[in-house]
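This report concerns only the one structure given below.
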Amino acid sequence: MERHGLATYLIGFVLAVVLTAIPFWLVATHALPPQRLLLVIGIAAVLQVLVHLRFFLHLNFTTTPKENLLALVFTALLIFIMVGGSFWIMFDLHQRMMS
Amino acid sequence: MSVMHLSEHEREELETREQRALGFWLYLMGDAVIFALLFATYAIMIPGTAGGPTGKQLFNLNNAALETALLLVSSLTFGFASLSVQAGNRKAVLGWLGVTFVLGAGFIFLELREFAGLIAQGAGPDRSGFLSAFFTLVGTHGVHVSMGLLWIVILGAQVAVKGLTAPVASRLFRLGLFWHFLDIAWVGIFSIVYLPGLL
């Protein structure tokens, strides 16, 4: 139950605003070709999720209980298997239906 | 404040609080799996418009940006509420919970207005597989936010009536986890639904 200062929330907020503004601005102005823009949106989203976990949910490797981190890693693994598996099956099916 | 200096009673409260935080964290992880699968379903259903409207024709970037801003600022104001809990400032806790509620309610208002607009132009969840997946994903998030609003009202009442007792502070901590988690889910929604839809 360690204390989290005002600075932590403010840093997290500013980083989140920047990581939100970049993809929205790029989409509004169509400043990049779609493929590259998708990549930027994806990278900004992953970074922003990490920012939220670190600065708003206060996850770190010292004070967060090990069980919580273990649960998070296990969930990430489950999501990888289920979402990755769904895409694998559906894209494979899509290709077979086309040919 | 080291654990050594706590009384027996305080130590017990701290342990209970940490156990409940873990239990609630496990629930959130389950919720994350649900959202991940709804995202996967949505992504697969994007081409399934059945000759109906696509995301590009339906989504409004300004509306999505405004919803994002409301939810992000509400995450910050909930952080201020959490800081006020630590400082033991009851009035500030009530004030920040109130601000968070108003921002969350504004988000729900924008979402309902968007849904009503879509349904009015014949782009409801029954129009195509794409729209079914859209309404399921975004609607599930909206239901979560609505439950969060109800929870804010209940805990606000507890703070007002009981004060910042250890159990109330413990519940506020878990509500904070829930509220910040919903903002993470929303990052996924604007990054997978709205922004790619408007490319």
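The values are calculated or read from the model by the stated rules, or taken from the named source; none is laboratory data. Everything numeric in this text was worked out from a predicted model, so none of it was measured. Because the Cβ atoms are built from the backbone with ideal geometry, glycine has one as well, and the counts that use them run over all protein chains shown.
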Next item on the list: Evaluate the stretch B:127-147: report whether one residue or more is under 11 Å from the mean Cα position of the chain (by Cα), modelled with pLDDT of 95 or more, within 22 Å of B:T68 (Cβ to Cβ) and within 14 Å of another protein chain (Cβ to nearest Cβ).
Entry: no
Item checked: Filtered residues of the stretch B:123-145 (kept if over 17 Å from B:A32 (Cα atoms), touching a residue at least 24 places away in the same chain (Cβ under 8 Å) and of a type outside the set (A, V, I, L, M, F, W, C)) -> B:R127, B:S128, B:G129, B:S132
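Scanning the stretch B:80-103 for residues that are of a type in the set (G, A, S) and in contact (Cβ under 8 Å) with a residue 60 or more places away in the chain, which turns out surrounded by the fewest Cβ atoms within 10 Å (Cβ to Cβ)? Even if it seems obvious, please write down each step before you answer.
Here is the first cut: in the stretch B:80-103, the ones of a type in the set (G, A, S) are B:81-82, B:84, B:87-88, B:92, B:95, B:98.
When the remaining residues are screened for being in contact (Cβ under 8 Å) with a residue 60 or more places away in the chain, the result is B:81-82, B:88.
Values: B:A81: 27, B:S82: 23, B:G88: 11.
The extreme case among them is B:G88.
Which residue is nearest to B:I184 (Cα to Cα), if the candidates are limited to the stretch A:31-44 and must be surrounded by fewer than 16 Cβ atoms within 10 Å (Cβ to Cβ) and more than 8 Å from chain B (Cβ to nearest Cβ)? Can you show your working first?
To start, the set of residues in the stretch A:31-44 that are surrounded by fewer than 16 Cβ atoms within 10 Å (Cβ to Cβ) comprises A:31-36, A:39, A:42-43.
Subset that is more than 8 Å from chain B (Cβ to nearest Cβ): A:31-33, A:35-36, A:39, A:43.
Values: A:A31: 26, A:L32: 25, A:P33: 27, A:Q35: 24, A:R36: 23, A:L39: 19, A:I43: 14 Å.
Among them, the one singled out is A:I43.
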Checklist line | Check on B:F109, away from every other protein chain (no Cβ under 14 Å) and surrounded by fewer than 18 Cβ atoms within 10 Å (Cβ to Cβ) | finding: yes
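Quick check: anything in the stretch B:101-114 more than 29 Å from A:W25 (Cα to Cα) and at pLDDT 95 or above?
Of all residues in the stretch B:101-114, those more than 29 Å from A:W25 (Cα to Cα) come to none.
Looking through the stretch B:101-114, none of the residues is more than 29 Å from A:W25 (Cα to Cα) and at pLDDT 95 or above.
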Notebook entry, point to check: How many residues does the stretch A:45-71 hold that are hydroxyl-bearing (S, T, Y) and exposed (fewer than 14 other Cβ atoms within 10 Å of the Cβ)?
Noted result: 2
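Condition first: more than 8 Å from chain A (Cβ to nearest Cβ) and either of a type outside the set (A, V, I, L, M, F, W, C) or surrounded by fewer than 23 Cβ atoms within 10 Å (Cβ to Cβ) (or both). Now tell me which residues in the stretch B:170-181 satisfy that.
In the first step, residues of the stretch B:170-181 are kept if they are more than 8 Å from chain A (Cβ to nearest Cβ); the result is B:170-176, B:178-179.
Listed by number, the residues that qualify are B:S170, B:R171, B:F173, B:R174, B:L175, B:G176, B:F178.
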Margin query: Residue under question is B:G117, and the condition is that it be out of contact with any Lys or Arg (no Cβ under 7 Å at 6 or more places or on another chain) and assigned to a loop (DSSP other than H, G, I, E, B); does it hold?
Written below: no
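Would you call A:T20 at the interface with chain B (Cβ under 9 Å from one of its Cβ atoms), buried (at least 17 other Cβ atoms within 10 Å of the Cβ) and β-branched (V, I, T)? Show your work before the answer.
Details: at the interface with chain B (Cβ under 9 Å from one of its Cβ atoms): yes; buried (at least 17 other Cβ atoms within 10 Å of the Cβ): yes; β-branched (V, I, T): yes.
Yes, satisfied.
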Check: What residue, of A:L15, A:L70, is farther than 24 Å from B:F78 by Cβ and more than 9 Å from chain B (Cβ to nearest Cβ)?
Finding: A:L70
Margin query: Checking the structure you have, find out if any residue of the stretch A:2-23 is assigned to a helix (DSSP H, G or I) and of a type in the set (D, E, K, R).
Written below: no
Margin query: I'm trying to understand the selection: among the residues of the stretch B:40-66, which are away from chain A (no Cβ under 11 Å) and within 22 Å of B:F101 (Cβ to Cβ)?
Written below: B:N63
Notebook entry, point to check: Can you tell which of B:L72, B:L14, B:L83 is at pLDDT below 95, facing another protein chain (nearest Cβ under 9 Å) and in a helix (DSSP H, G or I)?
Noted result: B:L14
Check: Does the stretch A:46-55 include one or more residues that are closer than 23 Å to B:L76 by Cα, more than 8 Å from chain B (Cβ to nearest Cβ) and in contact (Cβ under 8 Å) with a residue 60 or more places away in the chain?
Finding: no
